[in-house]
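K.L.:
My questions all concern the structure below.
Each value in this text was obtained by applying a stated rule to the coordinates, not by laboratory testing. From a predicted model like this one, the values you see are computed outputs, not experimental measurements. Note that each Cβ is placed from the backbone with ideal geometry, even for glycine, and that neighbours are counted across all protein chains shown.
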Amino acid sequence: MSAGSWLFTNTGRTSLINGTFDVDTDAFKMALFTSSSDIGAATASYPASNEVAQANGYLTGGVSVDLILTGTTAVKCDVSTDPIWTASGGSLVARWGALYEVSGNVLCYALLDSASADVTATDGNTLTVATHANGVFTLS
């Protein structure tokens with residue numbers, strides 16, 4: 001599935017501009033959150049409430065992702081490889097994804113389905129978060 005547009009958290013936007021984030025060298029992860037999570041613009045740090053429970057192929061904290069930068073006059077930030085979880089022993093159900101620095105600072109978050117619905121990977125199937133067609137963000 002293709003995630004919706006990625007939205008900066010308030011502190012994520014500031015941290016990007018003031019140099020706290022170094023997107024192509026800092027260690028980042030993507031975590032999954034349920035429909036009852038409070039992940040949003042005011043979320044400053046990981047963990048946010050109601051992360052997907054550690055079970056059925058999901059480990060608390062999510063998976064590591066590498067952010068890459070391309071372009072010169074319009075610089076696009078994207079993940080090098082879309083994160084994948086394989087449901088095992090039951091279904092994985094999530095509504096939100098969040099990119100955060102391993103130190104805990106949340107950069108941005110996105111709905112996993114543009115219809116604002118839960119996304120489910122049933123036992124034995126994969127849940128792949130394809131970043132938006134325009135990448136995570138572009139500065140131009």
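K.L.:
In the range 60-94, what count of residues is obtained for those that are of a type outside the set (Phe, Trp, Tyr) and within 14 Å of the chain's Cα centre (by Cα)?
P.N.:
Going through the range 60-94 one residue at a time, the tally reaches 17.
K.L.:
Moving on. Which of the residues spanning the range 9-44 are touching a residue at least 24 places away in the same chain (Cβ under 8 Å) and farther than 16 Å from Gly97 by Cβ?
P.N.:
The initial filter retains those residues of the range 9-44 that are touching a residue at least 24 places away in the same chain (Cβ under 8 Å), namely 9-12, 15-16, 20-21, 23-24, 26-35, 37, 39-44.
Those that are touching a residue at least 24 places away in the same chain (Cβ under 8 Å) and farther than 16 Å from Gly97 by Cβ: Asn10, Thr11, Ser15, Leu16, Thr20, Phe21, Val23, Asp24, Asp26, Ala27, Ala42, Ala44.
K.L.:
Please find, within the range 15-36, the residue that is farthest from the chain's Cα centre (by Cα) out of those that are farther than 24 Å from Asn125 by Cα and surrounded by 13 or more Cβ atoms within 10 Å (Cβ to Cβ).
P.N.:
Top of the filtered list is Thr20.
K.L.:
Could you list, in sequence order, the residues of the range 44-76 that are touching a helix residue (DSSP H, G or I) at 6+ places or on another chain (Cβ under 9 Å) and either outside any loop (DSSP other than H, G, I, E, B) or loosely packed, with under 13 Cβ neighbours inside 10 Å (or both)?
P.N.:
Ser45, the sole residue that qualifies.
K.L.:
Check whether at least one residue in the range 97-115 is more than 16 Å from Trp6 (Cα to Cα), assigned to a strand (DSSP E or B) and β-branched (Val, Ile, Thr), and report yes or no.
P.N.:
Looking only at the range 97-115, we keep the residues that are more than 16 Å from Trp6 (Cα to Cα), and these are 102-104.
Going one step further and asking which of them are assigned to a strand (DSSP E or B), we end up with none.
No.
K.L.:
How many residues, within the range 116-140, are part of a strand (DSSP E or B) and either under 11 Å from the mean Cα position of the chain (by Cα) or farther than 25 Å from Thr72 by Cα (or both)?
P.N.:
Summing the residues that are part of a strand (DSSP E or B) and either under 11 Å from the mean Cα position of the chain (by Cα) or farther than 25 Å from Thr72 by Cα (or both) in the range 116-140 gives 7.
K.L.:
For the range 83-105, give me each residue that is surrounded by fewer than 15 Cβ atoms within 10 Å (Cβ to Cβ) and not small (Gly, Ala, Ser).
P.N.:
Result: Ile84, Val102.
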